[in-house]
Amino acid sequence: MQRTNTYIKKIEKDHARFRDIIRGQVRKDLRKYIANGEMLGRKGKYTVSIPLPQLRTPTFRYGKNDRTGVGQGEGDVGTPIAPGDPAAPGPGAGDSPGQHVLEVDLTLDELAQILGEELALPRIKPKDRSSILIEHTKYTGISRVGPESLRHFKRTYKEALKRAVAMGTYDPDNPMLIPVREDKRYRSWKIKEVPQNNAVILYMMDVSGSMGDEQKEIVRIEAFWIDTWLRSQYKKLETRYVVHDAAAKEVDRETFYHLKESGGTKISSAYQLCSEMIRKDYSPVEWNVYPFHFSDGDNWGSEDTRKCMEILENELFPRTNVFCYGQVKSAYGSGQFKKDLDEKFVRHEHLITSEIKDKDGIVDSIRDFLGKGK
Amino acid sequence: MRNTERRSRKPLTQADALRRVQDEILGHAMEYGLQPFRTVFELINFDEMNEIASYGGFPTRYPHWRFGMEYEELKKGYAYGLQKIYELVINNDPCYAYLMKSNSMVDQKMVIAHVYGHSDFFRNNMWFSQTNRRMIDEIANHGTRIRRYVEKHGQEAVEGFLDAALSLENLIDYHSVYSPYRKRTRYEFIEEPEAAGPRRFKAEHGYMDRYINPPGFLKEQRRRIEAELQKKRRFPEEPVRDVLEFLIEFAPLDTWQRDVLSIVREEAYYFAPQALTKIMNEGWASYWHAKIMTEKALEASEVVDFADHHASVMGMRPGSVNPYKLGVELWRDIEDRWNRGRFGREYEECDDLAKKKAWDLKLGEGREKIFEVRRIYNDITFIDDFLTKEFCLEHKLFVYKFNAQANRYEIADRDFEAIKQSLLFRLTNMGHPIIVVVDGNFRNRAEMLLKHRHEGVDLDVEEGRDTLRNLHRLWQRPVSLDTVVDDQPKLLSFDGTTFKEEDLASPAA
């Protein structure tokens, strides 16, 4: 037992060291050898591949004209057996050199979990709403009776196989099995009553002339991860989208990410609309409300900014879990708005502001927003 | 009555049950003629398994980030259900093996039988004969030494040096691992022989001298002596495969650095035989777990699960070769051929296919043969001697190549010779390019010259440069590598600040 403890600590030290190198905190000389530094990626609609960061020690090894080896299987000369780049190693007996990417299919839940681990995000504590209960069904076990639609094929097959072998009726040359009633296994479930947590995210984005494609891309990526994390925390999550320049309007998701307007900027218009939406649809008694506002920090005069502050203080703070303001750096924006907010609301418990310098800053900004567990 | 009796007995713990199974399986293994080391099994959970596996089986190994990297991969792989380590066994006397607590009993049985196969192989295969059988102690010792250096010289310094050393880890003489004489004793300074004239025979009469000591012969002798001297002046005298050892002896290093380098080298030699016999060793262990399980140890209720798990170990991804599968099938093929006498000239020269197929001399020498093979072969000789045309056909082996135009891998050839060539090439020097030290005093300026013995496949030049940079860190004088890039002989050099790439004259065609 004693020994167990020492080596757990030991590997964790080495692992922490590796993480530090990968994160570029130490040994900057190794930076160029980090492969697939991207932490998380998205693939398909709901699946994601996690590339593992790899740090390679350079060695004398064979290069590009070494892409040959021995395989096994059907096919004539010329039959394709594996795609080339960028899919990495190709076939080969496991010893052919290649990039080290482990592709994993993940649900968004798992992804959010990884996000939580990577960013050390605390679990969000919802406002106490234990009064509203909903029924929650969960498959927990296997039973011998049930509806055919829930039949567990593999278990049933195994039982049938066992029976056939035991009875001596199994014929390896004709391995057909017909399950009888006793063989059949079904998934069984339990119903639990759980308190309901409803949440809504209201995304607001400045689409005025100063917000370029790069700024929108940053907002899009950040919104995706925020969405993913909050979804893992709440069973039912609604998202609403608002864009604004000098006037605000609600749009659908597609438009939100692609719209390009140009005009002045009146942030108060968006806050006004947001406040109305909350008042109409999301009573703070039943809902956890998360407004996110992204802009480059350029507002139309201090008059409008003052109006924004008022709406925030009187309408939004009392009705939301936390109000998040993300300021994307752009070549044209002055970045004044964040400064104004920070000055007016010094460490306000319902406000989080964050500045996103570039794509690399997204991770830190997510941590700013979600790291407080509100 | 029976109930009370059952209750009064202490419940059988998992460890007790496993101990019984272990004894039973060891009994079967010995009956079949296996001679494993005494083997100690440790029962651990998945996280401990991942940790130990990250350290290559040695929990006390020296600290280094690459083990942390390995750990992250194993941990993620396990967490997402992609991979799971079934067995982990250490070549040591006694042999150590780890069992995963959460495995079902049938899995444990299979793993225990498999481990005894490895243990027998470690003990009896010639290529393992020179490995340190107290490696568990030795590695713990390495760990202590390196940790001490870290305390004394700082983590950055030691880790940086280790990184450079590990970058050259594959520059050892893989095919000498069986030799007990790999410690070099050749570099003693021998004084040059004085006045090295050719020996003359004494002539009684002056006029006879011309005939007794013919001038042509004397001249020839003089040249030979001169050449001999020239060779002695060369450094090293003969090209050196064990680049690590050359560095340990001659690079201007601090004592601790020399020690770190020797640790890296020692461990590389320790692990080399396992890589040199991967196909044989995995095949051998799989052969025996299958045999012991199906003929002796399986309970009727376990058959289906065993078949399922055995099949997943033996399974192949389409288009690739699984060393477990290739190994086990080759062992079975050898056994079958020597049982039926399907070898030797008479069999080879028979051109009647039907007759060949039905060939059976009822020799029954199969078992004896496989034990002999497991003693003296390694993967290269194994493939060279026992991969047959019939085997390739039956197992549908092929050579694949990358088709640059279509950006995909394709089946290129099903010819037996081509398959064998390709497998052997992979196994030669364990798939690493062969690189030797040819000159430790290059340009007469204490520079180092390495030569890549080019066998048709180029090096990865980009990475080669980075490796040269690491080599320079150890040698501390300019380093050069003589290689071939796109059919053009080249000299790649690094002098501490800049890389240089020069074309060399093509060797006379």
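The values are calculated or read from the model by the stated rules, or taken from the named source; none is laboratory data. Since we're looking at a predicted model, the values are computed, not measured. Every residue, glycine among them, receives a Cβ derived from its backbone with ideal geometry; neighbour counts consider all protein chains shown.
Across segment B:494-504, a minimum of one residue is classified as closer than 17 Å to B:Ile435 by Cα and in contact with a strand residue (DSSP E or B) (Cβ under 8 Å, 6 or more places away or on another chain). Elements of the type helices (runs of 4 or more DSSP H) sitting completely within segment B:240-329 and holding at least 2 residues that are more than 26 Å from the chain's Cα centre (by Cα): these cover B:255-276, B:278-292, B:303-314.
Matching residues to (1) facing chain A (nearest Cβ under 7 Å); (2) farther than 17 Å from A:Asp76 by Cα:
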site	(1), (2)
B:Gln405	no, yes
B:Ala418	no, no
B:Leu427	no, yes
B:Gly431	yes, yes
B:Arg445	no, yes
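If we keep just the residues of segment A:46-99 that are of a type in the set (Val, Ile, Thr) and outside any strand (DSSP E or B), which is modelled with the lowest pLDDT? The selected residue is A:Val48. Restricting attention to segment B:32-67 and to residues that are crowded, with 22+ Cβ neighbours inside 10 Å and part of a helix (DSSP H, G or I), the residue that is farthest from the other protein chains (Cβ to nearest Cβ) turns out to be B:Met49. Taking the criterion of being among the charged types (D, E, K, R) and touching a Lys or Arg at 6+ places or on another chain (Cβ under 7 Å), the residues of segment A:188-223 that qualify are A:Lys190, A:Lys192.
For beta carbons closer than 6 Å, sequence separation of 6+ or different chains, a first residue in segment A:293-305 that is in contact (Cβ under 8 Å) with a residue 60 or more places away in the chain and a second that is of a type in the set (S, T, N, Q), the qualifying pairs are A:Asp296/A:Ser210; A:Asp296/A:Ser330; A:Asp298/A:Ser210; A:Asp298/A:Thr265; A:Asp298/A:Ser334.
Within segment B:90-112, is even one residue buried (at least 16 other Cβ atoms within 10 Å of the Cβ), hydrophobic (A, V, I, L, M, F, W, C) and under 30 Å from B:Leu261 (Cβ atoms)? Within segment B:90-112 (the criterion being buried (at least 16 other Cβ atoms within 10 Å of the Cβ), hydrophobic (A, V, I, L, M, F, W, C) and under 30 Å from B:Leu261 (Cβ atoms)), the answer is yes, since at least one residue qualifies. Do the conditions hold for A:Ile178, that is, is it within 32 Å of the chain's Cα centre (by Cα), touching a residue at least 12 places away in the same chain (Cβ under 8 Å), exposed (fewer than 11 other Cβ atoms within 10 Å of the Cβ) and on the phi < 0 side of the Ramachandran plot? Considered against the rule, which asks whether it is within 32 Å of the chain's Cα centre (by Cα), touching a residue at least 12 places away in the same chain (Cβ under 8 Å), exposed (fewer than 11 other Cβ atoms within 10 Å of the Cβ) and on the phi < 0 side of the Ramachandran plot, A:Ile178 comes out as no. Starting from residues that are more than 21 Å from the chain's Cα centre (by Cα) and facing chain A (nearest Cβ under 8 Å), keep the ones in segment B:448-461 and report whichever is farthest from B:Thr497 (Cα to Cα). It comes out as B:Asp458. Tell me whether segment A:252-260 contains one or more residues that are modelled with pLDDT under 85 and buried (at least 19 other Cβ atoms within 10 Å of the Cβ). Yes, some residue in segment A:252-260 is modelled with pLDDT under 85 and buried (at least 19 other Cβ atoms within 10 Å of the Cβ). Please find, within segment A:210-220, the residue that is surrounded by the fewest Cβ atoms within 10 Å (Cβ to Cβ) out of those that are of a type outside the set (D, E, K, R) and either assigned to a loop (DSSP other than H, G, I, E, B) or without any contact (Cβ under 8 Å) to a residue 40 or more places away in the chain (or both). My answer is A:Gly212. Restricted to segment B:125-149, and to residues there that are of a type in the set (A, V, I, L, M) and out of contact with any Ser or Thr (no Cβ under 7 Å at 6 or more places or on another chain), the residue that is nearest to B:Gln274 (Cα to Cα) is B:Met126. Within segment B:68-116, restricting attention to residues that are assigned to a helix (DSSP H, G or I) and β-branched (Val, Ile, Thr), which residue is farthest from the chain's Cα centre (by Cα)? Ranking the candidates gives B:Val106 first. If the condition is being over 24 Å from the mean Cα position of the chain (by Cα) and surrounded by 16 or more Cβ atoms within 10 Å (Cβ to Cβ), then segment A:333-374 contributes A:Gly333, A:Phe337, A:Lys338, A:Asp340, A:Leu341, A:Phe345, A:His348.
Among residues of segment A:221-248 being part of a strand (DSSP E or B) and either loosely packed, with under 15 Cβ neighbours inside 10 Å or at positive phi (or both), the one that is modelled with the highest pLDDT is A:Glu238. Restricting B:Ala29, B:Ala15 to those that are under 14 Å from B:Val111 (Cα atoms), out of contact with any Cys (no Cβ under 6 Å at 6 or more places or on another chain) and not in a loop (DSSP other than H, G, I, E, B) reduces the list to B:Ala29. Here A:Glu343, A:Glu310, A:Glu349, A:Glu303 are screened, and the one residue that is within 28 Å of A:Arg231 (Cβ to Cβ) and acidic (Asp, Glu) is A:Glu349. The set of residues in segment B:85-133 being within 14 Å of another protein chain (Cβ to nearest Cβ) and of a type outside the set (A, V, I, L, M) consists of B:Tyr96, B:Tyr98, B:Lys101, B:Ser104.
Annotation note: Cβ proximity below 7 Å between a residue of segment B:134-149 that is among the hydrophobic types (A, V, I, L, M, F, W, C) and a residue that is in a helix (DSSP H, G or I) (sequence gap 6+ or interchain) occurs for B:Met135/B:Tyr270; B:Ile146/B:Val158; B:Ile146/B:Val260; B:Ile146/B:Ile263.
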